[in-house]
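**Student:** Can you read through this structure? Questions will come right after.
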């Protein structure tokens with residue numbers, strides 16, 4: 001390979017990583033793999049969320065479920081939902097005092113929350129309604 005092309009082939013990806021990462025130590029790390037999930041994925045709250053971050057809890061709704069609330073189809077390990085004790089199969093019926101009737105009302109209630117805030121959630125687990133506290137994380141757009 002031409003020596004000039006070799007320099008560009010090596011330096012350009014590193015420069016692009018540095019520009020996108022925002023921190024020099026992040027520039028040397030390979031980019032993280034993108035999860036195969038089709039819905040937004042929440043991350044645990046951090047000290048400084050990106051300016052375009054949206055609130056998230058870190059669970060995948062079961063869009064096939066019927067009835068009032070949003071059924072939890074899966075919980076990402078280490079997510080705010082996982083840390084709060086939300087389990088697969090729970091049905092979220094209230095978020096921060098706002099009723100959750102369906103996926104749309106859940107999204108509207110979630111978008112009103114402040115990243116990093118701890119809010120109450122009510123889930124129906126079997127025949128019981130359980131109240132938990134969850135620290136709002138972030139999700140991708």
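**Student:** Using only the Cα atoms of the range 42-139, what do you get for the radius of gyration and for Dmax, in Å?
**Tutor:** 12.2, 40
**Student:** Which distance in nm do the two modelled labels at residue 104 and residue 128 give, with both placed 7 Å along the Cα-to-Cβ direction?
**Tutor:** With each label placed 7 Å out from Cα toward Cβ, I get 3.4 nm.
Here, each number is a calculation from the coordinates, and none is a lab measurement. Predicted model only: the values in this text are computed from it and were never measured. Backbone-built Cβ (ideal geometry, glycine too); neighbour counts: all protein chains shown.
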